[in-house]
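See below for the structure under consideration.
The values are calculated or read from the model by the stated rules, or taken from the named source; none is laboratory data. Not measured: the values here are computed from a predicted model. Positions of Cβ are backbone-derived with ideal geometry, glycine not excepted, and every protein chain shown enters the neighbour counts.
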Amino acid sequence: MTNAIIYHETAQGFQSISLDDHYFSERILFLTEEVNVQSCSELIKRFKYLDQLSHKEITLFINSPGGEVTSGLCLYEVIRQAKSPVTCICIGMAGSMGSILYLAGDKRLMYPDSQIMIHDPAAYFGESYANYGSVKDQLDSLMKIRQRIAGIIAKRTGQKLETILEYTSKDSFFSAKEALELGLAHQIITSTQKGECNYEQ
């Protein structure tokens, strides 16, 4: 889908601006694709710029199945180190590494029909033969990442590490209410009247 163009009336007449640029000027960012080098690099640049510009709130909408761990963890650290308060809003699915980025928010909101999915990181060893040392090194690295991911979830939710490791041993899906109970989310956005929102917490 191409980037939509909107028009603003100014003293100089109507001026066009892309919808993405409009949201960016309002300090609103989106992650609505796979977590990878490209998507994370773009968001890192945007977060760093906005955080240097001022320390007003930044809002990140997330609808992502997850993706590449290393890039995702780099973005997670950038969000956590920002001086600006960050609100993350789940608007569909925050899955796998998408859920970790969601947890980076100082405030975490969800729409009623959105979901969060957490699980252990996976590794692909390829189809060719590999020696014991190579496989062992990869498994050791995977276990370190597993502990890092589970540690983030435990810290951000206030749950025990053992509890989180039990959840992440498989694909664990949480509705908005379940996420609220576990501490993954802080509030659920519910509609009261058209144009108005209520927050369940």
So how many residues does the stretch 35-66 have that are farther than 18 Å from Leu109 by Cα, under 13 Å from the mean Cα position of the chain (by Cα) and surrounded by fewer than 17 Cβ atoms within 10 Å (Cβ to Cβ)? 2
Regarding the stretch 61-77, can at least one residue be identified that is under 27 Å from Ala176 (Cβ atoms), assigned to a strand (DSSP E or B) and touching a Lys or Arg at 6+ places or on another chain (Cβ under 8 Å)? no
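Regarding the stretch 109-119, can at least one residue be identified that is in contact with a Pro (Cβ under 7 Å, 6 or more places away or on another chain), closer than 21 Å to Ser141 by Cα and surrounded by 18 or more Cβ atoms within 10 Å (Cβ to Cβ)?
From the stretch 109-119, those in contact with a Pro (Cβ under 7 Å, 6 or more places away or on another chain) are none; that's our starting set.
No, that holds for no residue.
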Residue list for the stretch 67-84, filter: farther than 15 Å from Arg156 by Cα and either free of Cβ contacts under 8 Å to residues at least 24 places away in the same chain or not basic (Lys, Arg) (or both): Gly67, Glu68, Val69, Thr70, Ser71, Gly72, Cys74, Leu75, Val78, Ala82, Ser84
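Ala104 - would you say it is surrounded by 12 or more Cβ atoms within 10 Å (Cβ to Cβ), modelled with pLDDT of 95 or more, among the aliphatic types (A, V, I, L, M) and touching a strand residue (DSSP E or B) at 6+ places or on another chain (Cβ under 7 Å)? Outline the logic, then answer.
Values: surrounded by 12 or more Cβ atoms within 10 Å (Cβ to Cβ): yes; modelled with pLDDT of 95 or more: yes; among the aliphatic types (A, V, I, L, M): yes; touching a strand residue (DSSP E or B) at 6+ places or on another chain (Cβ under 7 Å): yes.
In short, yes.
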Identify, please: which residue in the stretch 84-100 is under 17 Å from Leu182 (Cα atoms) and hydrophobic (A, V, I, L, M, F, W, C) and is, among those, surrounded by the fewest Cβ atoms within 10 Å (Cβ to Cβ)? Met93
